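Structure record follows, encoded as structure tokens.
The values are calculated or read from the model by the stated rules, or taken from the named source; none is laboratory data. Keep in mind that what you see is a predicted model, and the values were worked out from it rather than measured. Reconstructed Cβ throughout: ideal geometry from the backbone, glycine too, with neighbour counts over all protein chains shown.
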Amino acid sequence: MSRVALMLCLVAGSACGDDVGTASGDATGSTTAAGSSGGASSGTEGTAATASGSSDSGTAETSTSAAATSGTTSSTSGTGDDSGSDSSSTTGGPVLPECDYPISWEADAAAQAAAQAELDLIAPEATMTWHEDRGTFSNLSDLDVVIDCPDDEPLLDAVFAYFELHPDLFPVEGDEWFTGGGNLCQHVTSPTPNTFNTSRRDMSAWTVSRDVVAPRLYRNGDGDVVLRSVSATFVPTLPEEIIQQVTDCIAKGPNETLLEDTLREEPFDYLIYGGPIFCGPAGSDTYVAQDPDSVVFSDAAQLSWFEAGDGTTTVTIAQRVELVLAASSVTAALEASNAACPDPDGAGTIYGFAAFMDLVTAEISNKLAGLGCIVC
């Protein structure tokens, strides 16, 4: 039995055989730092996320997680009865009534008033734009608050330390974000505000890739680092009840065998290069897994969230799964396609496809050709 399967058995509280669902990655709460970006960045452009810094009233621009699903799909296995028994042969462990999927997360009705009260205390002249569904601000302008930022300290560590002093306004935990490294406080030298943006790495024990915070900072005449404004797209730290729902939904999801079978039946589109135009595709084709091909699951589940429009956000759970082609499956067309990437573990080429699979509904979203590279 795999380590993942054993951990899920412990979460579900049931005995486990080889047929027990194991698709969680890590449902017991251990964090895997496998975020979508390599760390914080500075200026108006960055690798972690891209935020608009052209004006104090601008809002951060983010792209939705590759693992996001439409939100209209409900679990096909239901929520189960009071006995906790599982009548479906495609799920592992007991069906837990706590899993109502997709998970609906209601914004705290008191959050806006608390945030405004905190803002009035630290920066009475500042203004706040609030997002009802997320239950967090999307923009704070005219802050002009001095933060404790020694020259040799990582800048974003200092920023998040300030945030954590005011949790009603900034409901974040610095450990969940890309902070350390990159720019130091001494790199804030200009009296003109510059944007230093970063992205969120984790939500509790799971990875996430949508949240972004973009503070704008400058150096005043007294030599202090000043937080001018903050644009953001984020949800608060996960409350315990949502953490429990995610854990329960992972535990009741389809087992790894069903997920693998689903991926093997899925057609993957790819582009074929070699036309008269440099890096121009000469055609396309579709690939379906062959028996010798391998299916590889990533180490961690990933959460995605989107605004539901009614004072709530909707949370879904997915996992990256790779289809790695055997040498006997590779054709001349695949050799010249965007499914071919340099092998990161050695010389040669690795051929394959990736997809995100919902760990409750077993549905596939956001398929792509190639494993870890961009071809042309």
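Things worth noting here:
- Residue list for region 324-363, filter: touching a strand residue (DSSP E or B) at 6+ places or on another chain (Cβ under 8 Å), under 19 Å from Asp285 (Cβ atoms) and of a type in the set (A, V, I, L, M): Val324, Leu325, Ala326, Val330, Ala333, Leu334, Ala336, Ala339, Ala340, Ile350, Ala354, Ala355
- Test for Asp142: is it modelled with pLDDT under 50 and charged (D, E, K, R): no
- Residues in region 193-207 that are part of a loop (DSSP other than H, G, I, E, B) and of a type outside the set (A, V, I, L, M, F, W, C) were compared, and the one that is farthest from Glu240 (Cα to Cα) is Pro193.
- Scanning region 225-267 for residues that are more than 16 Å from Cys99 (Cα to Cα) and without any contact (Cβ under 8 Å) to a residue 12 or more places away in the chain yields one hit, Asp261.
- Count of region 308-354 residues which are under 30 Å from Gly135 (Cβ atoms) and among the aliphatic types (A, V, I, L, M): 4
- Per-region count, region 319-336, residues crowded, with 16+ Cβ neighbours inside 10 Å, modelled with pLDDT of 95 or more and either among the small types (Gly, Ala, Ser) or assigned to a helix (DSSP H, G or I) (or both): 3
- Residue count for region 232-274, restricted to those that are assigned to a strand (DSSP E or B) and either among the polar types (S, T, N, Q) or within 30 Å of Ala115 (Cβ to Cβ) (or both): 2
- Filter result for Ala300 (touching a residue at least 12 places away in the same chain (Cβ under 8 Å), more than 23 Å from Ser209 (Cβ to Cβ) and in a loop (DSSP other than H, G, I, E, B)): no
- Any hit, region 347-359, residues being closer than 20 Å to Gly275 by Cβ and small (Gly, Ala, Ser): no
- Val235 crowded, with 23+ Cβ neighbours inside 10 Å, modelled with pLDDT of 95 or more, under 25 Å from the mean Cα position of the chain (by Cα) and hydrophobic (A, V, I, L, M, F, W, C): yes
- Number of positions in region 180-192 that are modelled with pLDDT of 95 or more, in a loop (DSSP other than H, G, I, E, B) and crowded, with 20+ Cβ neighbours inside 10 Å: 1
- Residue count for region 96-144, restricted to those that are over 22 Å from the mean Cα position of the chain (by Cα), assigned to a strand (DSSP E or B), surrounded by fewer than 17 Cβ atoms within 10 Å (Cβ to Cβ) and touching a residue at least 24 places away in the same chain (Cβ under 8 Å): 1
- Residue that is under 24 Å from Thr257 (Cα atoms), charged (D, E, K, R) and exposed (fewer than 13 other Cβ atoms within 10 Å of the Cβ), where the choices are Asp291, Asp299: Asp291
- So Arg264, is it surrounded by fewer than 23 Cβ atoms within 10 Å (Cβ to Cβ), more than 16 Å from the chain's Cα centre (by Cα) and closer than 22 Å to Ile350 by Cβ: yes
- Of all the residues in region 248-300, those that are at pLDDT below 95 and of a type in the set (Lys, Arg) number 1.
- Count - residues of region 154-179 that are part of a loop (DSSP other than H, G, I, E, B) and either buried (at least 20 other Cβ atoms within 10 Å of the Cβ) or touching a helix residue (DSSP H, G or I) at 6+ places or on another chain (Cβ under 6 Å) (or both): 8
- Residue match in region 347-364 (condition: in a strand (DSSP E or B), surrounded by fewer than 19 Cβ atoms within 10 Å (Cβ to Cβ), at positive phi and polar (S, T, N, Q)): no
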